[in-house]
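Worksheet: the structure to be examined is printed underneath.
Each reported figure results from applying straightforward, stated rules to the coordinates on display, with no laboratory input. Every value quoted in this text rests on a predicted model; they were computed, and no experiment measured them. For neighbour counting, all protein chains shown are included, and Cβ atoms are generated from backbone atoms with ideal geometry for every residue, glycine included.
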Amino acid sequence: MAAKRIFGLLAVFILFVSACDNSESADESGDAEALEGTITVSAAASLTDAMNDIAKIFTEKHPEVQVDYNFGGSGALQQQIIQGAPADIFFSASEEHFRTVVDEGRIDNKNAIEFLANELVLVTPEENDTVSSFADLNEAEQIAVGTPESVPAGAYSVETFESLGMLEALEDKLVYTEDVRAVLTYVETGNVDAGLVYRTDAKTSDEVEIADTAPSDAHDPIVYPIGLINDSKNPETAQEFYEFIQSEEALEVFKNYGFVIQ
């Protein structure tokens, strides 16, 4: 009789433990599947490759989520957000453009952070014989840079030329583009003799060479603030992705593309 009672108690205990395990598994599964819907991230063009990789990792963890990107010049993205274009997260390559969105009340300081940095480099087509440093730019016929008013890399480029005392001599040679990736394309195709892009952009191409690096004190610091848009249509998922972008897993992706973690 005692033996039967012991076996009965063991059976009840095993069923209890099994039920707890199943409950925990269900909770974990529920957490993983709780996020759903689409979020839109307006991000600087220089973040394209890294952010695509990060979205892939995130959506593998949360298969019911779709991450849509709107890549472009930070100034153009800033204008779109202020005018009411759909966005859940703004990831800028310019403190100035990001601050404008904050000042307009679209992002709260408590929901913003700055944790990436970059470098500005002079790139040339492969096997270029004309330009090997900033000092050689007088020999170039055309130089591609982003439009300074809307493309942070373009603004940093003009600041660099001014600091080096070259702007006046180079002004007629400058070809302006809609974003930094367009500069890279111009150089890759040989449509210009040189261009100024971020180091991370140069690292994505096998068709350009880094001829020189702009002195860090020749332009404003190149930083990347990110923030949550206040009237997000999918705030829970946006918050989760915002936090994931700052995770160790995502930071490794940024490092692999050459970004500096602050």
Would you calculate a helix-derived [θ] at 222 nm for the chain, using -39,500 (n - 2.57) for each DSSP H run of n ≥ 4 and dividing by the full residue count, to the nearest 500? -13500 deg cm²/dmol
Restraint check, Lys203/Lys233; Lys61/Lys110; Lys56/Lys203, Cα-Cα greater than 32 Å: Lys203/Lys233
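Can you classify the stretch 120-218 as rounded, prolate or oblate using the Cα gyration tensor, where a ≥ b ≥ c are the square roots of its eigenvalues, rounded means a/c under 1.5, and otherwise it's prolate if a/b beats b/c and oblate if not?
Judged from the Cα gyration tensor, the stretch 120-218 comes out rounded (a/c under 1.5).
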Distant-in-sequence amide H partners of Leu122 (H built 1.01 Å from N, under 5 Å): Ala211, Asp212, Thr213, Ala214
Rg over Rh of the stretch 164-262, using C-alpha atoms and the Kirkwood radius, what does it come to? 1.06
Percent breakdown of C-alpha pair distances by 5 Å bin, ordered from the shortest bin, for the chain: 1, 6, 12, 15, 15, 12, 10, 7, 5, 4, 3, 2, 2, 2, 1, 1, 1, 1, 0, 0, 0
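Using only alpha carbon pairs under 8 Å that are at least six residues apart, calculate the relative contact order of the chain and give it in whole percent.
Averaging sequence separation for qualifying contacts and normalising by length gives 26 percent for the chain.
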I'd like the FRET efficiency for Glu207 and Glu96, computed as 1/(1 + (r/R0)^6) with the beta carbon distance as r and R0 of 41 Å, rounded to 0.05. 0.85
Checked the stretch 61-161 with the C-alpha gyration tensor, a ≥ b ≥ c its square-rooted eigenvalues, rounded below a/c of 1.5, otherwise prolate if a/b is larger than b/c and oblate if not; verdict prolate
